Each structure stands twice: as structure tokens, then as C-alpha cells.
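The values are calculated or read from the model by the stated rules, or taken from the named source; none is laboratory data. Keep in mind that this is a model prediction, so the values were computed, not measured. All Cβ positions, glycine included, derive from the backbone under ideal geometry; neighbour counts span all protein chains shown.
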Amino acid sequence: MAQNSNFKSPERLDSLQGGAAEQSSGTVPGGKSRDTSLSGVDFERRSFLGKTVGGIGAVVAAGALYPVVKYIIPPAEKEVKEKDEVVVGKASEVPPDSGKIFQFNKDKVIVVNNGGKLSAVSAVCTHLGCLVQWKADEDIIYCACHGARYEDNGRIISGPQPLPLAPYNVRVDGDDLVISKA
């Protein structure tokens, strides 16, 4: 089967070269040249979209970083006025021959009822800051961390502690147990 048309006919080559020459001369399929086609593009819209995407990215980044920053930076401490005298509980909470730790302002205080005689001292051992406890069988305040022993008034009996326990005043007002600074 032979083809009737000549692919390399001069008419066909002229039409192909003419079309190729037009496109290589810088025109685009709308009949505009390439140099003038970019002048019609609205760069305002492109910059607006870029700023919008950047703004959304900034909001997402801030939303992700906010909890991290709040976790790292400690909250500001509220100034609490320390009171000279505080009702810490009921007198019935400390039966005879027992001791109990109460919160007094920012300090921990152990109140000891030694045979009906109430005494209060700091509940924080002066050696390494462990909490002390009342040992009723020996009538002493004892720190289990390193074996420090104190009298019920906070004086040192034995152990590695450098200082006695800080004393506090304690009294019963009705049924309330009231602690004050010594």
C-alpha cells in the first residue's frame, strides 16, 4: 500500500516552518507575545495569597509553641500574707502521746501532745530537710532519714543535724488548735 501524500512536500514544509517560526518568535497561543503576557498577571493577588499562607503558618506555630513556653516558664508566685497566728485544726486531732504535722503559712509544724502537754516545733529536720515524726514509745521527735533525735521542744538529743528545730507557740482556743510564731 503506497501513500498518496508526500510528507516532505514543499507546501507542507512551508506550513510547518511558518508555524514553528511563529512559536519560536516569542508568542503564546493567545496571540500575545511572551514579554507582554507577564505584564497582565496580577502580582498583588499572588503576594496576598503568600501573606495569607504565611499568616496561617504563624498562627499554627504560635498555637503549638504556646503550651511549650507555658510549661517551661514557671507561674508567678502569688504573694500570700503570712499570718502571725493560724487555726490549724481541732485539738482532738492530737490525742495524748501523739504528734501530728500541720501547715502553718509556708512551714510545716509538728504539734506534740506529750501526756497532755502541747508543744509545737518545725517539722523539717535541720540536717537535710526531711520531715520528722513523733515516736511515742521513746518520747522523742525522730528523723528517719539519718537518725536525728530531738526532744519534744526541738532541742538536739543526737544525730548529724547542725541546729535544733525552730519552736512555735501552740494553744487551745475552745476546740481549735492555734499555732503562732514564737
Check: Which pairs do you get when a residue that is assigned by TED's automatic domain parsing to the domain that holds Leu128 and on the phi > 0 side of the Ramachandran plot, found in the stretch 147-175, comes within reach of a residue that is surrounded by fewer than 15 Cβ atoms within 10 Å (Cβ to Cβ) and not in a loop (DSSP other than H, G, I, E, B), reach meaning Cβ atoms under 9 angstrom, with the pair 6+ apart or on two chains?
Finding: Gly147/Ser158
Note to self: Let me confirm something: among Arg45, Arg34, which residue is among the charged types (D, E, K, R) and modelled with pLDDT of 60 or more?
What the structure shows: Arg45
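Would it be correct to say that Lys100 is assigned to a strand (DSSP E or B), surrounded by 11 or more Cβ atoms within 10 Å (Cβ to Cβ) and of a type in the set (D, E, K, R)?
yes
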Check: Within the bounds of the stretch 175-182, is there any residue that is assigned to a loop (DSSP other than H, G, I, E, B), over 20 Å from Phe104 (Cβ atoms), out of contact with any Asp or Glu (no Cβ under 7 Å at 6 or more places or on another chain) and of a type outside the set (Ser, Thr, Tyr)?
Finding: no
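Yes/no matrix, rows are residues, columns are (1) buried (at least 16 other Cβ atoms within 10 Å of the Cβ); (2) not in a loop (DSSP other than H, G, I, E, B):
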{"residue": "Tyr66", "(1), (2)": "no, yes"}
{"residue": "Tyr71", "(1), (2)": "no, yes"}
{"residue": "Glu77", "(1), (2)": "no, no"}
{"residue": "Val88", "(1), (2)": "yes, yes"}
{"residue": "Ile110", "(1), (2)": "yes, yes"}
{"residue": "Ser119", "(1), (2)": "yes, yes"}
{"residue": "Arg149", "(1), (2)": "yes, yes"}
{"residue": "Leu165", "(1), (2)": "yes, no"}
Next item on the list: Go through the residues of the stretch 81-88 one by one and say whether even a single one is without any contact (Cβ under 8 Å) to a residue 24 or more places away in the chain and over 30 Å from Pro167 (Cα atoms).
Entry: no
